[in-house]
1. Checking the conditions here, which among R35, R62 is within 30 Å of A81 (Cα to Cα), crowded, with 19+ Cβ neighbours inside 10 Å, modelled with pLDDT of 95 or more and not aliphatic (A, V, I, L, M)?
2. How many of the residues making up the stretch 158-179 are without any contact (Cβ under 8 Å) to a residue 60 or more places away in the chain and crowded, with 17+ Cβ neighbours inside 10 Å?
3. Within the stretch 196-215, can one find any residue that is of a type in the set (K, R), in a loop (DSSP other than H, G, I, E, B) and either open to solvent by less than 10 Å² (accessible area, probe 1.4 Å) or more than 23 Å from I32 (Cα to Cα) (or both)?
4. Suppose we filter the stretch 105-157 for residues that are under 17 Å from the mean Cα position of the chain (by Cα), more than 25 Å from E67 (Cβ to Cβ) and polar (S, T, N, Q); how many remain?
5. From the set of residues in the stretch 112-123 that are of a type in the set (S, T, N, Q) and either open to solvent by less than 50 Å² (accessible area, probe 1.4 Å) or not in a loop (DSSP other than H, G, I, E, B) (or both), which is farthest from E89 (Cα to Cα)?
6. Of all residues in the stretch 124-138, how many are surrounded by 15 or more Cβ atoms within 10 Å (Cβ to Cβ) and either over 14 Å from V170 (Cβ atoms) or free of Cβ contacts under 8 Å to residues at least 40 places away in the same chain (or both)?
7. Of a type in the set (A, V, I, L, M, F, W, C) and loosely packed, with under 13 Cβ neighbours inside 10 Å: which single residue out of L47, L85, L109 fits that description?
Amino acid sequence: MTPHHEVSIVTDTRTLTGEEVVTQVSSLVEEIFARLKPVLAAAEALLAETGDLSAEALHAIRPQVIEALGGLVVGAGFVSAPNVLADQELGFEWWTSCRTDDGSPEQLLISLDPESPNFLDYTRQSWFTVPRDSGRRHVNGPYVDYLCTDEYTLTFTVPVTRGEEFAGVVGADVYVREFERTVSRRLRALGRTAALLNAQGRVIVSNSVRKATGSLVREIDVPAWWASGAEPYTAPSGMTLRRCGDSPITLLATT
């Protein structure tokens, strides 16, 4: 596996503005999504070149998947939409470094048989359904990854198309604790209570024990704010919302 430098945010001791934090978090998210670009290109090229695509043929994108691992990214791969493959209904080519002591990549195998008691119907998971229904990339979590690590995880996914048709997603897994370690000093440098939220208003990381990872912010209707366009907003209470670039992550801060 080609080594990667860990994604990081330059730190200093000065007080930051909300806009500076938004810019830096946006840059971090873009670097994670950038890891998926070669995987996306390889998956779409394979789909375009192969008429009757078999599950075994998905191994062709394995080099790009393994190359995406490293730094913050502990898992990556391609997950097909139903009936994209010629020989089975579902397809799952996912590799992870989260289950090996030395960080070497290991294929994550799941049951794709609907008759199996261990069947994982990923077509119901929001990391799959949101890109499918919106045509846009998505950040899912924080959620506890019971499939692999039992740790709080973020999953970054991008829709894959064959022609004009949705054909699946490529994605990357990131530990919340590593994401927090990268951005927590920036949140503290704001000098006020702040948190990064997902589009549902759930806390990813914060600089306050009162806003624990996974808790839901109820002071502001974050989903409604997203639905209205996600423009910078200051509530009567003094709380502010700012979207972090083009990512589905929000900076919540007090004034």
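1. Details: R62 fails: crowded, with 19+ Cβ neighbours inside 10 Å.
So the residue among R35, R62 that is within 30 Å of A81 (Cα to Cα), crowded, with 19+ Cβ neighbours inside 10 Å, modelled with pLDDT of 95 or more and not aliphatic (A, V, I, L, M) is R35.
2. 2
3. Step one: filter the stretch 196-215 for residues of a type in the set (K, R), giving 202, 210-211.
From what is left, the residues that are in a loop (DSSP other than H, G, I, E, B) are 210-211.
Narrowing further to those that are either open to solvent by less than 10 Å² (accessible area, probe 1.4 Å) or more than 23 Å from I32 (Cα to Cα) (or both): 210-211.
Scanning the stretch 196-215, I find at least one residue that is of a type in the set (K, R), in a loop (DSSP other than H, G, I, E, B) and either open to solvent by less than 10 Å² (accessible area, probe 1.4 Å) or more than 23 Å from I32 (Cα to Cα) (or both), so the answer is yes.
4. Number of matching residues: 4.
5. Of the residues in the stretch 112-123, the ones of a type in the set (S, T, N, Q) are 116, 118, 123.
Next, from what is left, pick out any that are either open to solvent by less than 50 Å² (accessible area, probe 1.4 Å) or not in a loop (DSSP other than H, G, I, E, B) (or both): 116, 123.
On the way: S116: 14, T123: 11 Å.
Result: S116.
6. The initial filter retains those residues of the stretch 124-138 that are surrounded by 15 or more Cβ atoms within 10 Å (Cβ to Cβ), namely 125-132, 137-138.
Subsequent filtering for residues that are either over 14 Å from V170 (Cβ atoms) or free of Cβ contacts under 8 Å to residues at least 40 places away in the same chain (or both) retains 125-126, 129-131.
Number of matching residues: 5.
7. Working: L47 fails: loosely packed, with under 13 Cβ neighbours inside 10 Å; L85 fails: loosely packed, with under 13 Cβ neighbours inside 10 Å.
Checking each option against the conditions leaves just L109.
A quick yes/no check of all residues on (1) within 22 Å of V139 (Cα to Cα); (2) part of a helix (DSSP H, G or I); (3) in contact (Cβ under 8 Å) with a residue 12 or more places away in the chain:
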{"site": "V25", "(1), (2), (3)": "yes, yes, yes"}
{"site": "V39", "(1), (2), (3)": "yes, yes, yes"}
{"site": "E44", "(1), (2), (3)": "yes, yes, yes"}
{"site": "A48", "(1), (2), (3)": "no, yes, yes"}
{"site": "Q64", "(1), (2), (3)": "yes, yes, yes"}
{"site": "E67", "(1), (2), (3)": "yes, yes, yes"}
{"site": "V79", "(1), (2), (3)": "yes, no, yes"}
{"site": "V84", "(1), (2), (3)": "no, no, yes"}
{"site": "D102", "(1), (2), (3)": "no, no, no"}
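The values are calculated or read from the model by the stated rules, or taken from the named source; none is laboratory data. Here the structure is a predicted model, which means the values were calculated and not measured. When we count neighbours, we look across all protein chains shown, and the Cβ atoms used for this are built from the backbone with ideal geometry, even at glycine. SASA here: full protein model, heavy atoms, side chains in, ligands and nucleic acids out. Shrake-Rupley method; radii C 1.70, N 1.55, O 1.52, S 1.80 Å.
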